[in-house]
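K.L.:
What follows is a structure written as structure tokens; I'll ask about it next.
The values are calculated or read from the model by the stated rules, or taken from the named source; none is laboratory data. Predicted model, so just to flag it, every value in this text is computed and none were measured. Cβ placement follows ideal geometry from the backbone for every residue including glycine, while neighbour counts extend to all protein chains displayed.
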Amino acid sequence: MKHIGIVANLNKPEAVEQTQRIARLLARQGAKIYYEKDLARVLGRPDSFEVGAPPSALKALIVLGGDGTLIRTFRCLRERNLPLLGINLGGLGFLTELTLEDAPGALKQLLEGALITEQRATLDCCLRRRGKVLGSYTALNDVVIGKGGLARVIHLEMFLDGQYLSGYIADGLILATPTGSTAYSLSAQGPIVSPETAAILITPICPHTLTNRPLIVSDSRRAAVRLLKGPADTTLTVDGQVGVPLVVGDEMEVRKGAKSLVLLSPPQSSYFHILRSKLHWGGRSHYPRKISWRA
């Protein structure tokens, strides 16, 4: 018997109904279902679990919601890195790529062991103040140094592997994973990077100097950023979910994360299909859907 956990964003009006639908589909195929504790309370189910301490029998987690729900679930999985299958109840959904219409087929493939497992890289960020570690964080999408509503720029300097790279006078700076290239970095005119690429993206937000362009470096690099000047509301934000106020002199060291996301997707899925469908690329095209290369 397959043991599957379900996590849902209860702020979505359809979350409870869709959870019940998915649970029925899984149960008919012989699965044992566990529910995240808040979801279990709403459903009146006794078989609940804490996301931070999932039962050892669980083989995977189904996440109903948007990308934020999936990232939050991943953040809570500390010691055990369960595979996650995202079903979209939100907007774009680059990580929660499955639609509700796709779900029945994908759930069948999940129980048959036919889904593809994909590793998504993270970033580890260490914040230091006056030489002391203030906090350590893991980002799936991005680490952002930004500000609030004041129309004042931030002065930063960046180092790669201890060598000076550049100064930035900007609204902020984004350090992103390839997965995060379709998040805030994309809005700041950063490039889209295929998720299997071993890279860190460095994207300035509205730089005062137009020659400060987005940069892609190897994820074997160690990036360090120092805050030289900024308004009182300058903040370090991790995945848009964790915020830490910064003061002048704070230093952030960012490198490839020790942990990676294990993402499940159907074998017929493609990252580039997701880009086309979510970003509405191309429109009608007269090009063939597949190309056969011949010598």
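K.L.:
Do you know which residues across the range 243-267 are surrounded by fewer than 13 Cβ atoms within 10 Å (Cβ to Cβ), assigned to a strand (DSSP E or B) and touching an Asp or Glu at 6+ places or on another chain (Cβ under 9 Å)?
P.N.:
Within the range 243-267, Pro245 is the sole residue that qualifies.
K.L.:
Oh, and also: Any idea which of (1) part of a strand (DSSP E or B); (2) within 25 Å of Ala27 (Cβ to Cβ) is the one Val144 doesn't satisfy?
P.N.:
That leaves (2) as the condition not met.
K.L.:
Same structure, new question: With the condition kept exactly as written, say whether any residue in the range 129-141 is under 18 Å from Gly243 (Cβ atoms), of a type outside the set (Phe, Trp, Tyr) and in a loop (DSSP other than H, G, I, E, B).
P.N.:
Yes; the residues of the range 129-141 include at least one that is under 18 Å from Gly243 (Cβ atoms), of a type outside the set (Phe, Trp, Tyr) and in a loop (DSSP other than H, G, I, E, B).
K.L.:
Which of the residues belonging to the range 131-156 are modelled with pLDDT of 95 or more and either loosely packed, with under 15 Cβ neighbours inside 10 Å or under 14 Å from Gly257 (Cα atoms) (or both)? Step through it out loud before you land on a result.
P.N.:
First pass over the range 131-156, keeping only residues modelled with pLDDT of 95 or more: 132-146, 154-156.
Hits for the range 131-156 are Lys132, Val133, Gly135, Ser136, Tyr137, Thr138, Ala139, Leu140, Asn141, Asp142, Val143.
K.L.:
Could you list, in sequence order, all residues of the range 157-182 that are more than 18 Å from Ala223 (Cβ to Cβ) and buried (at least 21 other Cβ atoms within 10 Å of the Cβ)?
P.N.:
Across the range 157-182, the qualifying residue is only Thr182.
K.L.:
How many residues does the range 215-231 hold that are closer than 14 Å to His155 by Cβ and either surrounded by fewer than 16 Cβ atoms within 10 Å (Cβ to Cβ) or under 19 Å from the mean Cα position of the chain (by Cα) (or both)?
P.N.:
Of the residues in that region, 3 qualify.
K.L.:
Between a first residue in the range 268-280 that is part of a helix (DSSP H, G or I) and a second residue that is acidic (Asp, Glu), which pairs have beta carbons less than 6 Å apart while being 6 or more apart in sequence or on different chains?
P.N.:
Here the result reads Ile274/Glu97, each pair linking the range 268-280 to a residue that is acidic (Asp, Glu).
K.L.:
Every residue in the range 191-218 that is among the hydroxyl-bearing types (Ser, Thr, Tyr) and free of Cβ contacts under 8 Å to residues at least 60 places away in the same chain, please.
P.N.:
Within the range 191-218, Thr197, Thr203, Thr209, Thr211, Ser218 qualify.
K.L.:
Another question, if that's okay. Against the definition (under 30 Å from Arg276 (Cα atoms) and not β-branched (Val, Ile, Thr)), how does Gln18 come out, yes or no?
P.N.:
Criteria met by Gln18.
K.L.:
Can I ask one more? Go through the range 115-133 and report how many residues are of a type outside the set (A, V, I, L, M, F, W, C) and free of Cβ contacts under 8 Å to residues at least 40 places away in the same chain. Give the derivation first.
P.N.:
Our first condition is that a residue be of a type outside the set (A, V, I, L, M, F, W, C); within the range 115-133, this holds for 117-120, 122, 124, 128-132.
Filter once more, so that each one left must be free of Cβ contacts under 8 Å to residues at least 40 places away in the same chain: 131-132.
Number satisfying all stated conditions: 2.
K.L.:
Within the range 17-33, does at least one residue satisfy the condition of being within 30 Å of Ala258 (Cβ to Cβ) and either free of Cβ contacts under 8 Å to residues at least 24 places away in the same chain or not in a loop (DSSP other than H, G, I, E, B) (or both)?
P.N.:
No: the range 17-33 contains no residue that is within 30 Å of Ala258 (Cβ to Cβ) and either free of Cβ contacts under 8 Å to residues at least 24 places away in the same chain or not in a loop (DSSP other than H, G, I, E, B) (or both).
K.L.:
Oh, and also: Here are Leu85, Leu110, Leu92: which of them is in contact (Cβ under 8 Å) with a residue 40 or more places away in the chain, part of a strand (DSSP E or B) and either over 30 Å from Leu228 (Cβ atoms) or over 14 Å from the mean Cα position of the chain (by Cα) (or both)? Quick ask: steps written out before the conclusion?
P.N.:
On the way: Leu110 fails: part of a strand (DSSP E or B); Leu92 fails: part of a strand (DSSP E or B).
From the options Leu85, Leu110, Leu92, the qualifying one is Leu85.
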